[in-house]
């Protein structure tokens, strides 16, 4: 009977599952509801994960031997719930079951190494390093901080636009661009749009910054450069704390790295303090990292 593994990547809006054989060949992909321990809660997160597992199993002539589940906020707030989570999920999931951080899952999607650093810069942001069983986190405090994230960058754009509208700041192409995209004609209309849904619209302004930078807008360029500087500084702190003396993977994930300017600036600033980092953007989704971890757990049992 074929031995199977299951990788699960919990998220704030959805959970992704991949069933594979022990060689990593994909057999099935499924999605389930959100599984953020912080936002969704333990009970609902586990319920959604188990619903996804039920949807992806069984498989004819196959036996599930190992599952790895990455949960958001696990590393920050729920490490002490590891045994409870594993015992609860093991009642419904056959074989070995391990839970861990979605950040570890994302890191391993880009590398086979257990040592290195991941930089996640999406709506929020966090930097985490792994080495010899130890890990160090920088940023990841939430949208009120998370320097270099889309929310942080969007706030900088918002402030730049409002200063122009007040005639107390320099002009920027970002103002015209966002007015056109949101179909508004004045500051009041712009502000109304922002406050209707700030959690969605503030991060969107980071994309406007990227568009404007491509057109040569200096204010947008400075904002993105500062975002890259903040992200690189966090990496520098992790490198120092974990003492990365040898070559290590530096995995980049998140929409902020869709900006070529920011990516180049980030790489440049990292290069100023270390030549050991091998920067990579994973070609596969984070859930593939969970598959790798499930395979390793079975092989090392």
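Take residue 19 and tell me if it is within 21 Å of residue 108 (Cα to Cα), in contact with a helix residue (DSSP H, G or I) (Cβ under 8 Å, 6 or more places away or on another chain) and at pLDDT 95 or above.
In short, yes.
So residue 252 fits all but one of (1) assigned by TED's automatic domain parsing to the domain that holds residue 140; (2) more than 17 Å from the chain's Cα centre (by Cα); what number is the exception?
(2)
Condition first: surrounded by fewer than 16 Cβ atoms within 10 Å (Cβ to Cβ) and touching a helix residue (DSSP H, G or I) at 6+ places or on another chain (Cβ under 6 Å). Now tell me which residues in the stretch 25-37 satisfy that.
28
Among 151, 107, which is surrounded by 15 or more Cβ atoms within 10 Å (Cβ to Cβ), in contact with a strand residue (DSSP E or B) (Cβ under 9 Å, 6 or more places away or on another chain) and either touching a residue at least 60 places away in the same chain (Cβ under 8 Å) or in a loop (DSSP other than H, G, I, E, B) (or both)?
One residue alone meets the criteria, 107.
In the list 69, 93, 120, which residue meets the criterion of being closer than 19 Å to residue 15 by Cα and in a loop (DSSP other than H, G, I, E, B)?
93
Among the listed residues 183, 197, identify the single one that is surrounded by fewer than 17 Cβ atoms within 10 Å (Cβ to Cβ) and on the phi < 0 side of the Ramachandran plot.
197
Out of curiosity, is residue 39 farther than 20 Å from residue 109 by Cα, outside any strand (DSSP E or B) and in contact with a strand residue (DSSP E or B) (Cβ under 7 Å, 6 or more places away or on another chain)?
It is false that residue 39 is farther than 20 Å from residue 109 by Cα, outside any strand (DSSP E or B) and in contact with a strand residue (DSSP E or B) (Cβ under 7 Å, 6 or more places away or on another chain).
The values are calculated or read from the model by the stated rules, or taken from the named source; none is laboratory data. None of these values were measured; they are calculated from a predicted model. Counting neighbours? That spans all protein chains shown, and the Cβs are built from the backbone with ideal geometry, glycine included.
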